1. For region A:155-166, which residues satisfy the criterion of being surrounded by 16 or more Cβ atoms within 10 Å (Cβ to Cβ) and either modelled with pLDDT of 90 or more or of a type in the set (S, T, N, Q) (or both)?
2. Among (1) away from chain B (no Cβ under 14 Å); (2) at pLDDT 80 or above, where does A:Val251 come up short?
3. Does A:Leu105 fit the bill of being of a type in the set (A, V, I, L, M), within 12 Å of chain B (Cβ to nearest Cβ) and buried (at least 24 other Cβ atoms within 10 Å of the Cβ)?
4. Strands (runs of 3 or more DSSP E) wholly in region C:187-235 with at least 2 residues that are without any contact (Cβ under 8 Å) to a residue 24 or more places away in the chain, touching a strand residue (DSSP E or B) at 6+ places or on another chain (Cβ under 9 Å) and under 23 Å from C:Gly21 (Cα atoms) - which ones?
5. Identify, by number, the condition in (1) part of a helix (DSSP H, G or I); (2) within 10 Å of chain A (Cβ to nearest Cβ); (3) within 29 Å of B:Phe180 (Cβ to Cβ) that B:Leu240 doesn't meet.
6. Test each condition in (1) over 27 Å from B:Leu171 (Cβ atoms); (2) touching a helix residue (DSSP H, G or I) at 6+ places or on another chain (Cβ under 9 Å) for C:Ile80 and report the one that comes out false.
7. Does A:Leu237 satisfy the condition of being away from chain B (no Cβ under 13 Å), closer than 27 Å to A:Ser77 by Cα, out of contact with any strand residue (DSSP E or B) (no Cβ under 8 Å at 6 or more places or on another chain) and surrounded by fewer than 22 Cβ atoms within 10 Å (Cβ to Cβ)?
Amino acid sequence: MRRPALLAQLAAPCALVVAVALLGTLVSRSSEGYFVDSLVKVAIVVALYVFIGNSGVLSFGHVSFVALGAWTAGVLSVPTAEKPAIMPNLAHFLRGTTVGNVPSLLLAALAGGVFALVVGLALMRLSGLAAGIATFGVLEITHNVLRYYEKIGPGLNTFSSVPETTGLWQASIGALIAIGVAFAYQRSRFGRMLRATREDAPAASAVGISVYRQRLGAFVLSGVLAGLAGGLYVHLLPMNTESLYLDLTFVTLAMLVVGGATSLWGAVVGALAVSALDSFLAQAENGVKVFGGTLDLPAGTRLVVVGVLMALVLILRPAGLTGGREFSLPRWRRP
Amino acid sequence: MILGILNVDWQTLADALALGAVYALMAVGIGLVFGVLRLVNFAYGQLVMAGAYALAFASQWNWPRWAGILLCFAIVLALSLVMDRLVFRPLRTQSPAVMLVATFAVAFLLQSVALLWFGPLGKIASSLAPLNRPVVISGVDIRKIAIVAVVVAVLCLVAVQLLLARTTVGLQMRAAAMDFRTARMLGVRANRVIGGAVLISGALAAVVAIMLTVQTPLVTPDFALRDTIVVLAGVVLGGLNRLVPATLGGFAIGFASGLLGGALPTTQSQYLPSILFAAVILVLLIRPNGLFTRGRESLERV
Amino acid sequence: MTVLVVENLEVRYGAVRAVRGLSLTVEPGEIVGLIGPNGAGKSSTLHAIMGAAPVAAGDVRLAGASLVGRKPEDVARSGIALVPEGRRIFGELSVEENLRLGLAGRRSQAGADDAVERAYELFPIVRDFRRRTAGALSGGQQQQLAIARALVAEPDVLLLDEPSLGLAPRIVDVVFDALAAIRESGLAVLLVEQRAQRTVALADRCHVLSNGELRLTLDRDDAADTEKLVAAYFS
């Protein structure tokens, strides 16, 4: 492929992220949160994309890695003095340990990756529906354990007192890292091999590609990115196990599908488009002025609209808004 | 003796059987539609939820019981047909993954609609509450609903079995589940068998709604959501591409969760979902096509 | 009167044109053969008639009415029955249930029992094994069942896709004899086959298809002319 075209494939999603971040600096303090949130969602959806997009195997389990990343970064970031109040049953070795912001994010990424490795070693043999259900099982187990096992976190309670360090800066850097890693991966030998298995698994194995190993590699890489995104997420706002369960799974999958699951560009566009819509509706649920009138939607409209959008895209345009293709510059016809 | 070891009393056993029976019905409902459409209907629980709301409203309006049950059937069947028309049919030619994500979206959509219309607090469906009273059978207290649920489930299963085995549309549904393309070229009308499967599946959802509201009268937007997730796991566990294994899987997971839920102390039973899903994952790894299927069968249609 | 007309048919899968400009007709009481090497477009033609393959151009008419764009089940119910390649028996159902599935293609359910009875008479083996699981039958028995299943719909046109595939010569005789009997009953038969010589000998006319195009039409007298057959195949 021509170099400028390749460059555009990486530059376009990055430019979009930077544009959102810049836009975020212009708005009010209260609206800024939406922009930061959408950038974290970009990181999560790109993490999802690395596995689902390249392998074609469905995973309902990625929010587990986000959740573990969030728990890791959260537990390690709450100031030691406040830990007994929030997490009275915390395991001894966690009680005395508190690390800085960046190390907590790195450890979150590590935790996501290790978890994905453990899960993937077993699950990457499956595909199709079995994979869908098994990854769903992982989500259930993770949610269940984080909810009740109070030695590693706040359990049912909300994760408060985590320093809220994820602002526009960190979120956009996180999203850019995710995009960069995803791009490097899909251009690499491994990425191409995995995509070959997506198109035709028997043919790919026939030429010597190990479907299992390629899928596992992508799964771990996406686990690392998901863990990192989870770390960013917990530093963004106080959360509990319910914030890292079905709703997030649904919304992030919707973003990936709406954008177009088979391209990085689709993942980023989908994440930002659905985020924009979602934030607007969230605002509207509290009453918002549009074109001179006040739009005041009842609470709960958001998920309805996102659900309708996702169903519509799946039915009318199953390849997503971008058609599942990478960004390409418009071609100039020579006279 | 085994009951003694597990510290299970007869009431728990009866409740577990009843839960297994209800889950078996859900498994049949999911399995029938999968058979003809190769589509795992994640939104099955929302059909049950809609039926439960119908019962709750009927009891709020003080309708007689039969009218409430009728309303429940009407709502669930109508919603099933709409779902078929608007979602299943346009997606018929898509990959299983796309269809699974799509029904996941529909499930969320319906749940959100319920939240929007009926609020998060829930409504009480109380007209069938008397079924919760116990009857004494040779000195043991058993809740009536446990007996009713088992009997109704057996009747429904027999009815579905007869319908599949003895009627023309049943034969056509079985053939379509095996080889849809050939069945169509023989003159089997696709929309008719799909419509048939969707309707039976919907009727079973209505029955399930009635059974579950007796046990859990508080109807919220996430009513039956957890049950559906567990049943789906059970169905895949049993083997999705055959109705009998799927039903057994549904029953097994319902019975197991009822038994464990009743027998384990709270500190352990709160981890019940983990135990169940760990078991499911383990089985999938050993037998990706299900526990109760023979030989090597592909889960997806080629 | 001509019952089945195929006119300038073009079947296209994406960029691949499987059939190009094919025209043929079949009259009642006539067997028309369609022969040619693998990939010549024979099965695609049958699928296009059944509404199960994309028709890019041309027309298919049954007794004057166009079938293009209709669903497979509607084509079947309008009077065309297919005996598919590989027989496509429902192996887990009983022989009788397989036969009853063929009734779905009838225009009216009146007289269904008589139709089943006539199919049994033509293929006694199907009657003898009607309680068995169809998957347990031999290949030849399954082929007879597949033809019987098509016949109970009492179609005007019978399409057969390589009915002799994988059968022992003795069984091929049974199948071809049955086809001759079916012709006597006044059906229009379109027979796709690989066994060129036998097909030319049986059919009233035989079209040779290659790379999706009609190359040559042979009549019954050409069966003995091996050179002409070889030339038609490898042109």
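1. Within region A:155-166, A:Ser161, A:Thr165, A:Thr166 meet the criteria.
2. Only one criterion in (1) away from chain B (no Cβ under 14 Å); (2) at pLDDT 80 or above is unmet by A:Val251, namely (1).
3. no
4. Here the list reads C:213-219.
5. The single condition B:Leu240 does not satisfy is (1).
6. Checking C:Ile80 against (1) over 27 Å from B:Leu171 (Cβ atoms); (2) touching a helix residue (DSSP H, G or I) at 6+ places or on another chain (Cβ under 9 Å), the one that fails is (1).
7. Criteria met by A:Leu237.
Condition check ((1) open to solvent by 30 Å² or more (accessible area, probe 1.4 Å); (2) within 10 Å of chain B (Cβ to nearest Cβ); (3) over 24 Å from A:Ile177 (Cα atoms)) across all residues:
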position: A:Met255; (1), (2), (3): no, no, no
position: A:Thr262; (1), (2), (3): yes, no, no
position: A:Ala267; (1), (2), (3): no, no, no
position: A:Ala271; (1), (2), (3): no, no, no
position: A:Leu277; (1), (2), (3): yes, no, yes
position: A:Ala284; (1), (2), (3): no, no, yes
position: A:Ala299; (1), (2), (3): yes, yes, yes
position: A:Met310; (1), (2), (3): no, yes, yes
position: A:Val313; (1), (2), (3): no, yes, yes
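The values are calculated or read from the model by the stated rules, or taken from the named source; none is laboratory data. Keep in mind the model is a prediction, meaning the values are calculated, not measured. Positions of Cβ are backbone-derived with ideal geometry, glycine not excepted, and every protein chain shown enters the neighbour counts. The protein model used for the area step is the full one, side chains on, heavy atoms only, and it has no ligands, DNA or RNA in it. Shrake-Rupley method; radii C 1.70, N 1.55, O 1.52, S 1.80 Å.
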